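All remarks here apply to the structure that follows.
The values are calculated or read from the model by the stated rules, or taken from the named source; none is laboratory data. In this text the structure is predicted, and so the values were computed from the model without any measurement. Glycine gets a Cβ as well: all are built from the backbone with ideal geometry, and neighbour counts include every protein chain shown.
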Amino acid sequence: MKITDLFPSDLFAGRPVFVTGGGSGINLGIARTFAALGADVGICGRRTEVLAAAAEELGAFGHGVHTAVADVRDPEALQAALDGTAEKFGPIATLVCGAAGNFIARAENLSPNGFRTVVDIDLMGTFNATRAAFAQLKQTRGSLLYISASQADQAFAFQAHVGAAKAGIDALMRNLALEWGSYGIRCNAIAPGPIEGTEGMKRLGEVAGEDAWLSMVPLGRYGRTEEVGAMAAFLASPLAEYVTGARITVDGGQNLTGSTAFNAAAAGALS
Ligand code: COA
């Protein structure tokens, strides 16, 4: 699938996007899709070298790229990153909140700080970016895209911290869709399943193993970051202009089978 065979290559021309955690993984796949469709792109992350490599890749599409070192737990750094993007490209039309942290841990071994760290990155980070982008999105009548996860509405063992954080993201998404609809701001979430080549999948995959994961996916394969990017592009585009408050799974049907295979395999690996 080549996105430009399906969507016009200038779909997001003059409609800048900002992606938190956009230097790698699913978030880079999303940034790449928007760049392919004509968007100027701002990304933030914690590591300069990761951002530089992503900027080179995104720049090859021929549109603007702005990078900023910003941890989503730092509201001031995020505000500076978003302001810097607007100074270069004008106010953003889409904010993708994708920065996340994950590790596998038994709940009884999880310290309060371990639990809080994931909630801070995922949920507080999503709120911090949203808050920092609000004025720009109000100006453009833009849209918010949150990256949720299967763990938000299915119980996964050893993922209590992640499930809590991602469920919070879904709730925030619905609240803001309601509250900011009057500004013309739409708010939706994508819940990716197992996506190949990502840090998250590496962490979950190396504990549970590929066989367990693939047994949970009716389509029988891992997803690709571009497939999440395609859904993000659709939700941010005029094709979805009456869609708000929606949570769309991009998981090959994993949500239909539950987490049992993962739980058993991971329990074996952890004990
Ligand atoms: N099991 C249990 N607790 C863990 C853990 C693990 N595998 N990894 C980290 N923690 C705990 C730490 O012990 C610490 O708690 P403590 O102070 O009570 O000991 C707390 O989590 C914070 O850890 P720290 O390493 O200081 O946090 P950080 O901010 O440097 O890193 C993480 C954040 C932990 C999420 C780290 O894994 C990370 O940077 N991840 C980013 C990439 C990622 O996860 N990508 C996948 C997204 S799906």
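Restrict the check to the range 42-49 and report whether at least one residue is within 16 Å of the ligand (Cβ to nearest atom), surrounded by fewer than 17 Cβ atoms within 10 Å (Cβ to Cβ), more than 29 Å from ALA164 (Cβ to Cβ) and over 18 Å from the mean Cα position of the chain (by Cα). Yes, the range 42-49 contains at least one residue that is within 16 Å of the ligand (Cβ to nearest atom), surrounded by fewer than 17 Cβ atoms within 10 Å (Cβ to Cβ), more than 29 Å from ALA164 (Cβ to Cβ) and over 18 Å from the mean Cα position of the chain (by Cα). Any residue at all in the range 129-139 that's without any contact (Cβ under 8 Å) to a residue 60 or more places away in the chain, under 16 Å from the mean Cα position of the chain (by Cα) and within 11 Å of the ligand (Cβ to nearest atom)? The answer is no; no qualifying residue exists. One residue alone among GLU196, GLU226 is more than 16 Å from the ligand (Cβ to nearest atom) and under 15 Å from the mean Cα position of the chain (by Cα), and that residue is GLU226.
Among residues of the range 199-216 being within 11 Å of the ligand (Cβ to nearest atom) and not aliphatic (A, V, I, L, M), the one that is nearest to VAL50 (Cα to Cα) is GLU199.
Under the condition of being modelled with pLDDT under 95 and not in a helix (DSSP H, G or I), the residues counted in the range 209-234 number 1. Only one of the numbered conditions (1) over 22 Å from PHE134 (Cα atoms); (2) assigned to a helix (DSSP H, G or I); (3) out of contact with any strand residue (DSSP E or B) (no Cβ under 6 Å at 6 or more places or on another chain); (4) not hydroxyl-bearing (Ser, Thr, Tyr) is not met by LYS166, and that is (1). For the range 78-114, a residue qualifies if it is within 16 Å of the ligand (Cβ to nearest atom) and surrounded by fewer than 18 Cβ atoms within 10 Å (Cβ to Cβ), and the qualifying residues are PHE103, ARG106, ALA107, GLU108, ASN109, LEU110, SER111, PRO112, ASN113, GLY114. Take VAL207 and tell me if it is in contact (Cβ under 8 Å) with a residue 12 or more places away in the chain, under 30 Å from PHE12 (Cβ atoms) and buried (at least 16 other Cβ atoms within 10 Å of the Cβ). Spelling it out, it is not the case that VAL207 is in contact (Cβ under 8 Å) with a residue 12 or more places away in the chain, under 30 Å from PHE12 (Cβ atoms) and buried (at least 16 other Cβ atoms within 10 Å of the Cβ).
Residues that are within 16 Å of the ligand (Cβ to nearest atom) and in a helix (DSSP H, G or I) were ranked within the range 169-193; the one that is nearest to LEU219 (Cα to Cα) is ASP170. Residues in the range 161-192 that are closer than 19 Å to GLN254 by Cβ and surrounded by fewer than 22 Cβ atoms within 10 Å (Cβ to Cβ): 3 in all. Checking each residue in the range 235-252 for being free of Cβ contacts under 8 Å to residues at least 40 places away in the same chain and either buried (at least 20 other Cβ atoms within 10 Å of the Cβ) or in a loop (DSSP other than H, G, I, E, B) (or both) picks out only TYR242. Among the residues examined, SER143 does not qualify as free of Cβ contacts under 8 Å to residues at least 40 places away in the same chain, polar (S, T, N, Q) and more than 10 Å from the ligand (Cβ to nearest atom).
Taking residues in the range 53-71 that are among the aromatic types (Phe, Trp, Tyr), and partners anywhere that are assigned to a helix (DSSP H, G or I) and surrounded by 15 or more Cβ atoms within 10 Å (Cβ to Cβ), the pairs with Cβ atoms closer than 7 Å and at least 6 places apart or on different chains are PHE61/ALA35; PHE61/ALA36.
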